[in-house]
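Student: Take a look at this one; I'll ask things after.
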């Protein structure tokens, strides 16, 4: 940590900062500038908030030099984290595509969509049973019934399933049904929830908050990792900016930045990041070209009748065409799409064994 | 709702939009523009998501005309909501000041601070027992013990107490100790939590999310109001923008905008909105001049040793001076600071009965 | 400047940074951290771009400690800059109000408005002769004819006049007519224009760019000051954020921050900062309470027929009521509104000599 | 245009809006909603500012339905604009790469870099002779001498040259030397400058302002097109957001959005959009995958000694490697890099004829 003193800070103020640094078991090193001093605090600083020095008299501000996260950092874990899901790995050379509807609306809707995306080339199935909705008057999801339908879809198609949880009680239920727990953008800093998913041994897909910095995303992953769960996937899904032409602004820069700072796999969700199905393909291709380790794409068997997120959902036909394009881009950057899952009940699922 | 068709949308596409509108019990009215049509959907639209029309073929976008919130809206509740807390009211002519430390750190720290701010002119006491911290390695609060200390401070000073809750389990505990439940910025869209506080009959102080729009803040309050709890206070606390000279950017515009859209009381927290105690006074005065119904100010008996938020905390002395300034500004805009609470144990608390 | 090395930077990379620092006449001071070094560069750094060190091998980033501006800084000019305009001063205890229409639309419109705002309590007249318009198809202003009408209004009312310039050629014309040259938000980093107004001896009102940081605003003022023109007024006019309920977001924090960093007078324009006349009063009062040295307010004699900015313009009646409120707030914070100008032709201007 | 009336607007207010619409030669169509009316204004609305209706009594807001730009719109010009530069075309199937240093620093530096990037696969040369610098104390460019060096580099390498202009006077000089005039981000709304380049017949590369919306970028291009110059290239170069891990946030969404709204070619500048050479490759690949029509990349023969933008400049070696990757991505999306230029003096430029 570097403590920047105000111009004209007194000798005594500098001494007090040095004392405060040393009181925390760090060593202090002063650089006398032209009318302004800087004091370096050297030692194990990542668990010390900058506030406790910034508050002292004569201090202008305090800058952290080393990262405030550790378990998520590439410095302490140089090689990529690669971990298996059913039938494929994430974080390595293979790029899996997770697809499915925003919400589980009914058994028919989900199973139809699951079959169609499996056919089109998806590796895993997403679907929401508990839905965070801006309006209390909107459809809020099927709850545990929805999770059971997700599990049925896994049986049918062989694809692992991903569903969002919003509270500790939902975590307890969801771990019985799903392969990956999703923490949504609105809950990226719901710390009790992060602790709860950190205590499970189910992989976690952690979405970036709509206005979370990259560092805050990594700190949120640190909560999960510190709880003992090492299988965390980060997911860029667009940030809020002044631009209103799209629902959010895809922060494509975040992909190389996260890959450089952290060993965790990085996914991108082009559906939320753009909000319009017309733009999903361009941004999905861009993500793969930029180095993303996977994609999360909304696909609905009948978007025109979706209860939520219809405008950003692809039809299975458009999704199938996109998978072909993604395969070409993946190869152009020296990678490949993940192999398709083998359905548990292969003879049954497509009805013509 | 207005459905804007793409230039060149076909007659059949227009017909299908009309059918979808009518299928939801609304009536459809078409305006044929120059090469582009607009279809008005008239009726009870606030519970219908725009998505379900935006997804149709040939639709460019869908704009909501009437507000998506109802209980929070001034249209349906024209007069200001005014409700009592211990010894004063909020939402009317009186302006209460809620002050106290970021965290309850110890019994001595809290009781000292409580006495000092009561003396300086505060009307209520804030303090955190459960702390949302960006880092899993930072101080996380004293939990229920902290709440008990808050309750003790109320006994001593007569001031009602405000504390943050972050999970449903914490709500169940906190209602036994505190007078106002605070929902923090990070949880403004934690919908299970909003439902939980909506089911209590304890007043709620709802802080605006760091990147929440004014409409989203009102929709979040709608969750609480729809749960049956009418006593909601809104609190602007700074939004995230590109400017880094201050911790957040105070959206002072939000005060007149919220007062115009909603009947709920509107507070401002200049401590988080600026992040530096030097700027707290200017922004607190601005809030009162702009029409805020109350203030939430961080004060610590010894900021230099605070475990969190020291740099944005006022000392009791600086706070006392600020209260005097706020009194003058309140009178200049035709209002007045709320009367000081009468301590339950008046003879005891200041040590000289 | 502090050069932060990457974790694991080599000894040789550190040496090369030291050599580069010394080659620029600065001295280098190394602090060896835990796995990461920091090198302080001490000396006259304000004219050295951080880029030239950031580019070196092994460097993570470079942080400036001292401010990159000098003439605008309070460090080098501790007392407030106070300078006279016709009949009042700016930057001291007096708070002038500059009012008038967005555009000079006609002689009658401007003279009517000028008389009305003078009567209502304005100290100076604003009006645009050259208009920056987003659309090439919108009204672009009357040009030099508009400036001549402004000068006529000054004769009539005694109020100094303020008008925007957008190019070097316009500066050459405008100095013959106006008392204050305005550089608009879109041109805050039009460096040839800043140099041109810096070469005049006419006071300059410099508006903050819609997404300019506070530091960039001060650097822009540095261009003018470095040109030899010391009479610069800074003007906050709202920044662009994600919030769409108002045209811009007033950065009220900028007022105490600018007053603390710089000696230059700081104004606020609540009309552009909100975009709706209903909110102008609240934000104008807030600005005075926060310590602004002046206000810039759009007033039109007939907003319903204004060629531009009608929705954010006050009528003269509403403006007069606001001036009364501002007087009360100014006194509550220990200041006062500037005294009204004496018209040059006092007998004539109100038509009843 | 749709005029949304306030809830409870009177019959007379509605009539007055209708009258104002009809007075502008448009026809008015009223939709009576539940407690709120909407009035459609049909006709040639693109040159009518929304302000003139928004200001009327009882109006809540006014929404534009059709685009405010015309010449830039795909609605009026459905097929892509394709135009030739020396040796290649832009806007069609070919993707040209424009590369070069931030500034022309010296004859040797520019000619060396030009040779190296030509060898590595660039199609055109960029370089700044007039530099917009935040600080008045920083290197401001070589001016006309720099332009002459650019012209010499074209002779030597056969590559057309691109240079920025910041004022009308610079336009007059630059057209004598360069093949493409660049309008930089800070001048995107410098309307006198846009008119000046619109009066030339030199192609214009128009960079998006750091906080300009996509619609504002298209309106800026409309100024140039309306001046009679049809050869405009749009360039996304990163927008300003809250994220500080990179210099700007690349708005990758802008590529498909601009391609859908406009027929003009769309380029991306990954150097400014990220600010760090390490991230340039990932974002350049993403741009091609997303459908960009060209790239603008900073390359310096010796970044460690660059006078500006060193940290975001590639070395010629890294640039050559990137060109190979871009070729593969372009082919994966069905396009190809533009063919290399033939130097005018082919025998001479590489010294071994």
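Student: Looking at the range C:2-63, I'd like the Rg to Rh ratio, where Rg is from alpha-carbon atoms and Rh is Kirkwood's inverse mean 1/r. Walk me through the intermediate numbers first.
Tutor: Working: Rg = 10.5 Å, Rh = 11.3 Å.
Ratio of gyration radius to Kirkwood radius for the range C:2-63: 0.92.
Student: What do you get when you divide the Cα radius of gyration of the range C:79-169 by 2.2 N^0.38 Å, with N the number of residues? Before the final figure, lay out each step's value.
Tutor: Working: Rg = 14.2 Å, N = 91, 2.2 N^0.38 = 12.2 Å.
Normalised Cα radius of gyration, the range C:79-169: 1.16.
Student: Taking the 0 to 90 degree range and rounding to the nearest ten, how far is the long axis of helix D:214-226 tilted relative to the main principal axis of chain D, both from C-alpha atoms?
Tutor: Value to nearest ten degrees: 80.
Student: Another question, then. Can you give the relative contact order of chain D as a percent, counting alpha carbon pairs under 8 Å and 6+ residues apart?
Tutor: On the way: 764 pairs, mean separation 62.3, N = 353.
Computed over chain D, the figure is 18 percent.
Student: When chain B is turned about an axis onto chain A, which of its residues keeps its C-beta closest to that axis, and how many Å is it?
Tutor: That would be B:211, 2, residue then distance in Å.
Student: Would you mind telling me which residue in B:64, B:74, B:285 has the biggest mean-square fluctuation in a Gaussian network model of chain B, where springs connect alpha carbons within a distance under 10 angstrom?
Tutor: The residue with the greatest mean-square fluctuation here is B:64.
Student: Residue C:305 label point, 7 Å along Cα→Cβ, cut-off 18 Å on backbone N: hits in the range D:21-47?
Tutor: It comes to D:21-25, nothing else.
Student: Still on this structure, I have one more. Relative to the longest principal Cα axis of chain A, at what angle does helix A:107-120 sit, 0 to 90 degrees, rounded to 10?
Tutor: With both axes taken from Cα atoms, the answer is about 80 degrees.
Student: Then there is this: Name the residue, out of B:178, B:42, B:266, whose mean-square fluctuation peaks in a Gaussian network model built on chain B with Cα pairs under 10 Å.
Tutor: Highest fluctuation among the options: B:42.
Student: Divide, for the protein assembly as shown, the radius of gyration over alpha carbons by 2.2 N^0.38 Å, where N is the residue count. Could you put the intermediate results ahead of the total?
Tutor: On the way: Rg = 31.1 Å, N = 1412, 2.2 N^0.38 = 34.6 Å.
Expressed relative to 2.2 N^0.38 Å, the Cα Rg reads 0.90.
Student: Let me ask something else about it. State, as an integer percentage, the relative contact order of the range A:105-180 based on alpha-carbon contacts under 8 Å between residues 6 or more apart. Write out the running numbers ahead of the final one.
Tutor: Values: 93 pairs, mean separation 25.6, N = 76.
It rounds to 34 percent for the range A:105-180.
Student: Out of all DSSP beta bridges with both ends in the protein assembly as shown, state the antiparallel percent to the nearest 5. Could the numbers behind the result be given before it?
Tutor: Values: 74 of 186 bridges.
Bridges in the protein assembly as shown that DSSP calls antiparallel: roughly 40 percent.
Student: At 7 Å along the Cα-to-beta-carbon direction for both residue B:46 and residue D:47, put a label point, then send me their distance in nm to one decimal.
Tutor: Once both label points are built, they end up 4.3 nm from each other.
Student: Now for a separate question. For residue D:278, place a label point 7 Å out from Cα along the Cα→Cβ vector, do the same in each other copy, and report the separations in nm, one decimal, smallest first.
Tutor: List, nearest first: 3.3, 3.8, 5.0 nm.
Student: How far, in nm to one decimal, is residue D:151 from itself in the other copies if the label point is set 7 angstrom along Cα toward Cβ? Shortest first, please.
Tutor: Result, one decimal in nm: 4.0, 7.8, 8.6.
Student: Compute the acute angle (0 to 90°) between the alpha-carbon long axis of helix D:144-157 and the principal axis of greatest extent of the alpha-carbon atoms of chain D; round to the nearest 10°.
Tutor: 70
Student: Rg and Dmax of the range B:83-349, using alpha carbons, in Å: what are they?
Tutor: Every Cα atom of the range B:83-349 included, Rg and Dmax give 16.7, 51 Å.
Student: Distances from residue C:93 to the same residue in each other copy, label points 7 Å out along Cα→Cβ, in nm, shortest first?
Tutor: 3.2, 7.9, 8.0
Student: Specify the residue with the greatest mean-square fluctuation among B:275, B:43, B:91, computed from a Gaussian network of chain B linking alpha-carbon atoms under 10 Å apart.
Tutor: Comparing B:275, B:43, B:91 in a Gaussian network model of chain B, the most mobile one is B:43.
Student: Can you give me the C-alpha center-to-center distance between the range D:79-100 and the range C:193-248, rounded to a whole angstrom?
Tutor: The range D:79-100 and the range C:193-248 have Cα centres separated by 38 Å.
Student: By how many nm would the segment from residue D:79 to residue D:172 grow when fully extended, if each residue of separation counts as 0.36 nm and the alpha-carbon distance is taken off?
Tutor: Details: separation 93, 0.36 × 93 = 33.48 nm, distance 3.20 nm.
Gain in length upon complete extension: 30.3 nm.
Student: Same structure again: Modelled label-to-label distance, residue A:336 and residue A:19, 7 Å Cα→beta-carbon offset: nm?
Tutor: Label at residue A:336, label at residue A:19, 6.7 nm between them.
Student: Please state the relative contact order of the range D:2-63 as a whole percent: Cα pairs under 8 Å, 6+ residues apart? Display every interim value, and only then the final one.
Tutor: Working: 99 pairs, mean separation 29.7, N = 62.
Value for the range D:2-63: 48 percent.
No lab work stands behind these numbers, since they all come straight from the coordinates. Worth saying up front: this structure is predicted, and the values here are computed from it rather than measured. Reconstructed Cβ throughout: ideal geometry from the backbone, glycine too, with neighbour counts over all protein chains shown.
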